[in-house]
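Below you'll find the structure, written out as structure tokens, and then a few comments.
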Amino acid sequence: MTLRQTGPERVHLVSTAAGPLGGDHLELDILVTEGATLELGSIASTLVLPGPGRSAMVVTAQVAAGGRLTFAPEPTVLAAGCDHAMTVRLALHADASAYWREEIVFGRHGETPGRCHARFDATVDGRPLLRQEFTVGDPAVDGSPAVYGDARCVGNVLVAGPGFTHPEPGVAPGRAVLPLAGPGTLILALAPDAVELRRRLA
């Protein structure tokens, strides 16, 4: 991964090699200092490929008092045969704000997805705001009408702190907006394709 500054407060991730491949372990550490603003995205989707072993992506982010972080990369695509772990650790000061989007696509066109375990831990002043995890790639789970059904994508958006407008709670087909027990709102969505997923997460 390469980081490229694309604006006064904006950075994009650029993949300078294929992958991650099985066996790769990538880590990204983000620090937003007091009163600062950072928007972090990516140039293109991340394609997770199979290889000798499990791949992992770990993102650790800290946002200090008055800081504001937007993390909105393009989707992660789970190619058939991959085995991937995604971990996010987000720590916010009580006066900090974050908008965090994650999107996962179940394989390339016409293929079954590889396996992925995703975990998201967010805290505010050390107190838990969100603890969430899910698995993709288990046929018994993926096709269950109680889990993903016929969806080909899953995603979520965490809106935390006073720096962003929080959507109204509610439930609609393929979408739920849930207030958290803290300064945050969680949007969860399922969709048949990445375009519709992005629309439901907006």
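The values are calculated or read from the model by the stated rules, or taken from the named source; none is laboratory data. A quick note: this is a predicted structure, and the numbers were derived from the prediction, not measured. With ideal geometry, Cβ positions are generated from the backbone for all residues, glycine too; neighbour counts draw on all protein chains shown. Just the protein is used for accessible areas: all its heavy atoms, side chains included, with ligands, DNA and RNA removed. Shrake-Rupley method; radii C 1.70, N 1.55, O 1.52, S 1.80 Å.
Structure notes:
- Number of positions in the stretch 41-62 that are open to solvent by less than 50 Å² (accessible area, probe 1.4 Å) and more than 22 Å from Ala94 (Cβ to Cβ): 11
- Restricting the stretch 152-163 to residues that are in a loop (DSSP other than H, G, I, E, B) and buried (at least 18 other Cβ atoms within 10 Å of the Cβ), the residue that is modelled with the highest pLDDT: Gly161
- Filtered residues of the stretch 120-151 (kept if in a strand (DSSP E or B) and either polar (S, T, N, Q) or open to solvent by less than 80 Å² (accessible area, probe 1.4 Å) (or both)): Phe120, Asp121, Ala122, Thr123, Val124, Leu129, Leu130, Gln132, Phe134, Thr135, Val136
- Condition check for Thr112: touching a strand residue (DSSP E or B) at 6+ places or on another chain (Cβ under 6 Å), at pLDDT below 95, open to solvent by 30 Å² or more (accessible area, probe 1.4 Å) and not aliphatic (A, V, I, L, M): no
- Set side by side, the residues Gly66, Gly51, Gly35 differ, and just one is touching a His at 6+ places or on another chain (Cβ under 9 Å) and of a type outside the set (Val, Ile, Thr), which is Gly66.
- Candidate set from the stretch 70-106 (those that are touching a Cys at 6+ places or on another chain (Cβ under 9 Å) and under 19 Å from Arg131 (Cβ atoms)); member that is surrounded by the fewest Cβ atoms within 10 Å (Cβ to Cβ): Ala85
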